[in-house]
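This report concerns only the one structure given below.
What follows is calculated from the coordinates using simple rules that are stated; it is not laboratory data. Just so it is clear, the model here is predicted, and its values are computed rather than measured. When we count neighbours, we look across all protein chains shown, and the Cβ atoms used for this are built from the backbone with ideal geometry, even at glycine.
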Amino acid sequence: MQNQFDAAIADLDKAVQLKPDDGFAYKFRGFAQIGLNQWDKGIADFSMAIQKNPDDPQNYERRAFASRSMKQYEPAIADYAFLLQKDPNNVEILTKRGYTYSLMTEYEKAISDYEAALKIKPEDYDTVQRLQYARSMLAAKNAPPATATPSPTPSGGGLFTPLNIGIAILVIIIIAAVVRALTRGKPEVTSSRIR
């Protein structure tokens, strides 16, 4: 309970030595193993706890969690399915199995579990969100592949294109430069009349 998992494991190792048939020692050591992210050791301990006490649903649930954490989805699904055989209306297990199916990209099965959970507990906001996610991922998965749309070809019509405007400005600048060069140094013609 104090997150001193190494010390707990040492004590539980001794408990397992003293009473090897005690399923609780394996169970609590499994909790400590999970606390240290030692998923494989946790799975082994919960498997032993199940052998000693097959009626404790928490052993199956925690073993499923450890399996899922190792991306071993099939054993996790099997443990969740076993628990749902015992209690088909267990909302927590339905959502956990649905989440595991989502991780496996089996969105149809995830949707089924989430919908079943929401029939029992419709106000569960997290499950509503997970259901929406699974539906959107399924829609994306089933969407036809995107086809490339050809880019429009420029039409040849029209006098006022950016290229034509640029050329016109360049021509005007050249004409102005030529006129200036030709008129340089020539006296300005003025009229002698006073206006």
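Spatially close Lys pairs in the range 91-143, defined by Cα atoms under 18 Å apart and a spacing of eight or more places or different chains, total 5. When only the Cβ of Lys, Arg, Asp and Glu is charged (+1, +1, -1, -1), the dipole of the chain relative to its Cα centre reaches about 1880 debye. Structure remark: mean-square fluctuation, Gaussian network model of the chain, C-alpha springs under 10 Å; the largest value among 168, 44, 116 belongs to 168. Highest mobility in the GNM of the chain, judged by mean-square fluctuation with C-alpha springs under 10 Å and restricted to 113, 45, 11, is found for 11. Residues 97, 184, arranged from fewest to most other Cβ atoms within 10 angstrom of their Cβ, appear as 184, 97. Listing 171, 91, 128 from fewest to most neighbouring C-beta atoms within 10 Å gives 171, 128, 91. Put in line by how crowded their Cβ is, counting other Cβ atoms within 10 Å and starting with the fewest, 92, 106, 61 read 92, 106, 61.
Taking label points 7 Å from Cα along the Cα-to-Cβ direction, residue 70 and residue 87 give a separation of 2.6 nm. Think of the range 1-86 as having a plus end and a minus end, set by charges on the Cβ of Lys, Arg, Asp and Glu; of 80, 51, 9, 80 sits farthest toward the positive end of this dipole. Legend: helices of the chain (whole DSSP H runs) are marked when their alpha-carbon atoms reach 30 angstrom or more along the helix axis and their mean Kyte-Doolittle hydropathy is at least 1.6; marked are 162-183.
Estimated purely from DSSP H runs of n ≥ 4, each contributing -39500 (n - 2.57), the mean residue ellipticity at 222 nm for the chain is -22500 deg cm²/dmol once divided by its residues.
Between 107, 129, 95, the Cα set farthest toward the positive side of the dipole of the range 91-143 (charges on each charged residue's Cβ, about the Cα centre) is that of 107. Net charge dipole, the range 91-143: roughly 120 debye, given to the nearest 20, about the Cα centre with Cβ charges of +1 for Lys and Arg and -1 for Asp and Glu. Using Cβ point charges alone (K and R +1, D and E -1), the dipole size of the range 1-86 about the Cα centre works out to roughly 100 debye. For the range 1-107, the gyration tensor built on C-alpha atoms gives a prolate shape. Its axis ratio a/c (a ≥ b ≥ c) is at least 1.5, and a/b is the larger of a/b and b/c. Mind telling me which of 42, 23, 166 comes out most flexible in a GNM of the chain, alpha-carbon contacts under 10 Å? It is 166. Annotation note: trypsin sites (Lys or Arg not before Pro) in the range 5-75 located in DSSP loop regions with a Cβ neighbour count of at most 16 within 10 Å are 71.
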